[in-house]
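The values are calculated or read from the model by the stated rules, or taken from the named source; none is laboratory data. The structure presented is a predicted model; accordingly, all values stated were derived computationally and were not measured. Because the Cβ atoms are built from the backbone with ideal geometry, glycine has one as well, and the counts that use them run over all protein chains shown. Side chains are part of the model used for accessible areas, which takes the heavy atoms of the whole protein and leaves out ligands, DNA and RNA. Shrake-Rupley method; radii C 1.70, N 1.55, O 1.52, S 1.80 Å.
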Amino acid sequence: MPPASDDQERTPPSPDTAFATLGDETRMEILQTLGEAEESLSFSELHTRVSVRDSGRFNYHLDKLVGHFVRRSDDGYDLARAGERVIEAVLSGVVTDRPTVEPTRIDQSCQYCGAPIAVEYREERISVLCTGCAGTYGRRDDESEYGHIGSLYLPPAGVENRDPAELYSAGRTWGGLATMATASGVCPRCSAPIEESIEICDEHEGDDVCGACGSRYAVGVAFRCTNCIYERSGLVGVRFLTNTDLLALLTGHGINPITPESHSRIGTAFAYDEEVLSVEPFEARLTFTVDGDSLTLTVDDDLAVIDVTRDRNDRTQDRSNGDGG
Ligand SMILES: [Zn+2]
Ligand SMILES: [Zn+2]
Ligand SMILES: [Zn+2]
């Protein structure tokens with residue numbers, strides 16, 4: 001076994017060098033073997049488990065990984081954090097797999113029209129579709145029988161061993177957590193700060209999907225990571241998924257936004273009423289209603305909540321200025 005050296009302190013490789021290092025079957029096999037091992041492996045244990053027999057060649061490839069991707073200690077070899085992240089990415093399926101699921105009805109109903117919903121999976125995305133109405137964003141084309149309600153992100157590994165209903169639930173959890181991070185200003189991919197911008201349709205019409213912007217809602221938000229390429233856009237209401245008053249409304253009615261039991265329950269909560277009070281500077285009132293209890297958040301140009309009003313079934317209370325009643 002070669003002696004341990006101080007190569008673990010080397011400066012991190014450039015992206016080019018890092019990818020070049022990984023562009024070899026033997027090296028990926030070494031990383032995968034270390035990832036599967038329960039404990040540190042000695043040079044000879046690792047060599048036995050990897051298919052390359054020539055020990056000079058094996059040592060050459062291992063040496064390329066030691067430092068940034070593989071850690072060498074007195075106990076043997078382990079994955080370093082970067083090596084773990086590479087293997088996690090491979091096992092999540094995002095690097096190699098492209099599963100698809102054709103639109104399939106599940107036993108859940110649309111929050112807008114009550115018709116059954118269907119789920120479709122492709123390109124790491126679950127599309128939640130309505131079989132009855134145009135959903136939130138309309139039909140894909142005139143012939144489509146499905147209206148697009150929304151999307152939930154899920155890596156390919158999430159499709160394995162799950163039926164479409166389970167796929168939907170997993171997407172709610174995975175996608176919901178990513179949305180919560182995004183709405184909190186933290187990139188769910190790389191953790192860097194997120195920038196957000198408000199998008200308002202100035203020709204918005206109708207109670208249904210608007211012909212001008214293609215959405216049921218006039219106000220959307222675009223999110224962009226300041227470090228990586230992560231970008232998402234969504235309804236402004238979803239931006240408040242981590243607002244404690246909204247969480248209180250949801251959980252007070254037994255709705256867990258991360259593991260909702262039914263699509264229509266969480267969907268109804270997010271089928272909110274939107275009232276744009278001012279475009280420049282932006283100010284809007286968003287009213288979320290569950291079982292007759294409603295919560296109105298007034299939000300400003302920075303998407304800060306400047307007023308909170310809760311209207312309950314039985315009584316009204318205004319928490320923001322204390323003079324409600
Ligand atoms: Zn519908
Ligand atoms: Zn519009
Ligand atoms: Zn990022």
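Between residue 60 and residue 192, the C-beta separation translates, for a Förster distance of 41 Å, into a calculated FRET efficiency of about 0.70.
The orientation-averaged projection of the convex hull spanning the C-alpha atoms of segment 238-317 amounts to 5.2 square nanometres.
Each Cα pair under 8 Å and six or more residues apart adds its separation to the average, and for the chain the resulting relative contact order is 9 percent. The slack between residue 222 and residue 42, meaning 0.36 nm per residue of separation minus the straight C-alpha distance, is 59.9 nm. Using a 1.4 angstrom probe on heavy atoms only, work out the carbon and sulfur share of the accessible area of segment 227-271 in %. Carbon with sulfur: 51 percent of the solvent-accessible area. Each residue, residue 123 and residue 85, gets one label point 7 Å from its Cα in the Cβ direction; the gap between the two is 2.6 nm.
In the context of the full set of protein chains, residues of segment 6-91 present 60 Å² of accessible surface per residue (probe radius 1.4 Å, heavy atoms only). Across segment 257-274, computed HN-Hα scalar couplings (Karplus, 6.51 cos²θ - 1.76 cosθ + 1.60, θ = phi - 60°) run x, 8, 9, x, 6, 9, 5, 5, 5, 5, x, 4, 4, 9, 8, 7, 8, 10 Hz from first to last residue, x flagging Gly and Pro. Each residue, residue 302 and residue 115, gets one label point 7 Å from its Cα in the Cβ direction; the gap between the two is 4.4 nm. Surface composition of segment 6-91: carbon and sulfur make up 46 percent of the accessible area, probe 1.4 Å.
At 0.890 mPa s and 25 °C, plugging the Kirkwood radius over alpha-carbon pairs of segment 115-251 into Stokes-Einstein gives what diffusion coefficient in µm²/s?
The calculation lands on 152 µm²/s.
Taking the Cα atoms only, what angle lies between the long axis of helix 81-91 and the longest principal axis of the chain, rounded to 10 degrees? Result, in degrees: 70. Taking Cβ atoms as reference points and 12 Å as the exclusive limit, the residues near residue 185 contribute a net charge of -1, counting Lys and Arg as +1 and Asp and Glu as -1. Just flag the GluC sites (Glu not before Pro) in segment 162-243 sitting in loop per DSSP whose Cβ has no more than 11 other Cβ atoms within 10 Å. In loop regions of segment 162-243 (DSSP not H, G, I, E or B), the sparsely surrounded GluC sites (Glu not before Pro) are 203. With the convex hull drawn over the C-alpha atoms of segment 34-153, the volume per residue is 164 Å³. Three principal axis extents of the chain based on alpha-carbon atoms, in descending order, are 77, 45, 36 Å.
Loop-located GluC sites (Glu not before Pro) in segment 60-137 (DSSP state other than H, G, I, E, B) with a sparse environment of at most 15 neighbouring Cβ atoms within 10 Å: 123.
Summary of the geometry: segment 107-130 and segment 252-295, compared by the centres of their Cα atoms, lie 19 Å apart. A simple count of charges around residue 98, restricted to other residues whose Cβ falls under 15 Å of its Cβ and scoring Lys, Arg +1 and Asp, Glu -1, yields -4. For the chain, the list of Cys residues with no other Cys C-beta under 4.7 Å reads 210. Under a 5 Å amide H cut-off, with hydrogens placed 1.01 Å from N, residue 283 pairs with 277, 278 among residues at least 5 apart or on other chains.
The simple spin-label model puts a point 7 Å past each Cα toward its Cβ; for residue 94 and residue 247 those points are separated by 2.4 nm.
With a/c under 1.5 counting as rounded, go ahead and sort segment 6-91 into rounded, prolate or oblate using the C-alpha gyration tensor (a ≥ b ≥ c being the square roots of the eigenvalues; past the cut-off, prolate if a/b is larger than b/c, else oblate). Rounded shape, in that the Cα axes give a/c under 1.5. Taking amide hydrogens as placed 1.01 Å from N in the peptide plane, the amide H of residue 192 sits under 5 Å from those of 187, each at least 5 positions away in sequence or on another chain.
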